[in-house]
Amino acid sequence: SRAVRRHLEPEPQLELGYWLAGRRRASAIDLSDGLAIELHRLCRASGVGAAIEADRLPLPAALQRLAARFDRPALRLALAGGEDYVLLFTVPPGLRPPADLAAHRIGEIVADLRLTLLDEDGRRRRLPPAGWDHLE
């Protein structure tokens with residue numbers, strides 16, 4: 001029921017957005033179409049790549065139960081699921097949002113144009129742009 005409620009009544013991260021707007025070097029995009037596809041969009045627009053660490057993704061027990069109920073891996077739902085309405089953002093190394101904004105570091109921006117995922121088994125693999133594409 002929490003997942004349905006979050007879908008029907010999203011709570012935008014306005015305070016985080018205000019904080020990011022006050023930074024000289026920051027970028028942000030909402031995750032309404034899925035983390036992987038939105039990360040591809042953000043990186044393409046910025047001319048960079050990214051390395052995501054699977055073990056840094058917040059996968060709460062409720063998400064894991066929901067994934068099991070639909071016979072889907074929780075990591076796949078976290079990467080390709082949408083309608084989250086939370087912000088994916090970048091800031092310079094060493095800069096962290098205030099703790100009360102509940103932001104999580106999930107990886108880093110890299111100079112080459114590749115997007116990779118360090119999976120739970122320690123293997124680095126290509127991160128496909130999975131998620132919702134309005135033009136397909």
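The values are calculated or read from the model by the stated rules, or taken from the named source; none is laboratory data. These numbers were taken from a predicted model, which means no experiment stands behind them. As a convention, Cβ positions derive from the backbone with ideal geometry for all residues, glycine included, and neighbour counts pool all protein chains shown. We work out accessible area using only protein heavy atoms, side chains counted, and drop any ligands, DNA or RNA first. Shrake-Rupley method; radii C 1.70, N 1.55, O 1.52, S 1.80 Å.
Of all residues in the range 110-130, count the ones that are touching a strand residue (DSSP E or B) at 6+ places or on another chain (Cβ under 7 Å), under 21 Å from Pro58 (Cβ atoms) and open to solvent by less than 60 Å² (accessible area, probe 1.4 Å).
The qualifying residues number 6.
Looking only at the range 7-20, count how many residues are in contact (Cβ under 8 Å) with a residue 24 or more places away in the chain and open to solvent by 100 Å² or more (accessible area, probe 1.4 Å).
The number of residues fulfilling the criteria is 2.
Can you name every residue in the range 85-101 that is in a loop (DSSP other than H, G, I, E, B) and either without any contact (Cβ under 8 Å) to a residue 60 or more places away in the chain or β-branched (Val, Ile, Thr) (or both)?
Matches in the range 85-101: Val86, Val91, Pro93, Gly94, Arg96.
Determine if the range 48-57 includes at least one residue that is in a loop (DSSP other than H, G, I, E, B) and surrounded by fewer than 16 Cβ atoms within 10 Å (Cβ to Cβ).
No, the range 48-57 has no match at all.
In the range 25-42, is there at least one residue being among the small types (Gly, Ala, Ser) and without any contact (Cβ under 8 Å) to a residue 12 or more places away in the chain?
Checked against the condition, which is being among the small types (Gly, Ala, Ser) and without any contact (Cβ under 8 Å) to a residue 12 or more places away in the chain, the range 25-42 yields no hits at all.
Which of the residues belonging to the range 69-79 are within 16 Å of Glu120 (Cβ to Cβ), assigned to a helix (DSSP H, G or I) and over 13 Å from the mean Cα position of the chain (by Cα)?
Matches in the range 69-79: Ala74 only.
List the number of the failed condition for Gly82; all other conditions in (1) open to solvent by 50 Å² or more (accessible area, probe 1.4 Å); (2) touching a residue at least 40 places away in the same chain (Cβ under 8 Å); (3) in a loop (DSSP other than H, G, I, E, B) hold.
Failed condition: (1).
From (1) on the phi > 0 side of the Ramachandran plot; (2) free of Cβ contacts under 8 Å to residues at least 40 places away in the same chain; (3) not polar (S, T, N, Q), pick out the condition that doesn't hold for Gly47.
Only one criterion is unmet by Gly47, namely (2).
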